[in-house]
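The values are calculated or read from the model by the stated rules, or taken from the named source; none is laboratory data. Remember, predicted model here, so these are calculated numbers, not experimental data. Using ideal geometry, Cβ is built from the backbone for each residue, glycine included, and neighbour counts are taken over all protein chains shown. Quick note on the areas: whole protein, heavy atoms, side chains included, nothing else; ligands and nucleic acids left out. Shrake-Rupley method; radii C 1.70, N 1.55, O 1.52, S 1.80 Å.
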Amino acid sequence: DYVVVKMIPDNRLPPRHLHSVHTGKTFAVIKWESPYDSPDQDMLYAVAVKDLVRKTDKIYKVKTRNSTVEYTIKKLEPGGKYHVIVQLGNMSKESSMKISTVPLSAPDALKIITENDHILLFWKSLALKESNFNESRGYEIHMFDSLMNITAYLGNTTENFFKVSNLKIGHNYSFSVQARCLYSGQMCGEPATLLYDELGTGEDSSATKSGRSTDVAAIVVPVLFLLLVTLGIGFVVLYMRHRRLQNSFTAFANSHYSSRLGSAIFSSGDDLGDEDDEAPMITGFSDDVPMVIA
């Protein structure tokens, strides 16, 4: 003998196993299970998203019969903090969790250029790789003095460079540049950090060396290219002159070539003059000398 028992669903139970599947800069994928297995009808869920930074709320509705529910929360902000609450539409018990979106990435190619009495920080625009970043938001710059063990806020800028003055000899500094923090410093970008210790040890940091080597290469490469072009033109001119002299000599030698001797004959004007001087001059015939005609 056996008995079939059908349990009555309790719609007052909370969703089960609420967790985050994936979090990006502007979205978050969350997942949960129904309060009981195999629902026999559509269930309406209310997903409340509370922005802990801006102090705002948004509510989304999800209707499904699936035992496992996956939902994507969109239009979030990079580096934001949120409190997510999921419950049935009849305001039953709730399940909740906190999520944080991925902050904006750090600026690329941060480098230092040393001037006479100050240094300049340079970096690439963050808008080149972050579609959610607007240049009007700007960047903020921090400095850490390892000798004094203090961190100072140097300021912010909407440019891609920043001037730093009044550095002390013998101190090692670390500079960081990041997207400007919003809402009392609660929503910031990832910082790009660079060590600067040239004043204290006379040695360049790795990034400074990289920046300077790049600047030197930008000068040396064009100069070497111009030298190669000049040398190439010089070789062409010498080659053309050599060919011209060779052709002139060949023409001159051919004009003095003797096919009977099989060689070229060259003589100077002096030889011709001496030969004419040594030849006897015929002035006439004497009457005393008989003329013999054979």
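Structure summary
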| read-out | value |
| --- | --- |
| Cα-Cα over 25 Å, subset of K74/K111; K25/K98; K6/K61; K6/K93; K75/K111 | K74/K111; K6/K61; K75/K111 |
| The stretch 4-44: C-alpha gyration tensor shape, a/c 1.5 cut-off, then a/b vs b/c | prolate |
| Apportionment of accessible area to carbon and sulfur, the stretch 44-181, percent (1.4 Å) | 50 percent |
| Prolate/oblate/rounded call for the stretch 42-196, Cα gyration tensor, a/c under 1.5 rounded | prolate |
| Net charge dipole size for the stretch 16-100 [Lys, Arg +1 and Asp, Glu -1 on Cβ; Debye, nearest 20] | 440 debye |
| Area of D10 that stays accessible when all protein chains are in place (1.4 Å probe, Å², to 10) | 50 Å² |
| Relative contact order computed over the stretch 16-100 (Cα-Cα under 8 Å; 6+ residues apart), in percent | 33 percent |
| Packing-based ranking, highest mean first, of 127-133, 137-143 given that Cβ atoms within 10 Å are counted | 137-143, 127-133 |
| Cα gyration tensor, the stretch 108-196 - rounded (a/c under 1.5), prolate or oblate | prolate |
| Q186 versus L44: modelled label distance in nm, points set 7 Å from Cα along the beta carbon direction | 3.2 nm |
| Ranked packing of 226-234, 59-67, most packed first, by mean Cβ within 10 Å | 59-67, 226-234 |
| Cα-based equivalent ellipsoid of the stretch 1-130: semi-axis lengths in Å, sorted from largest, via gyration tensor | 48, 14, 11 |
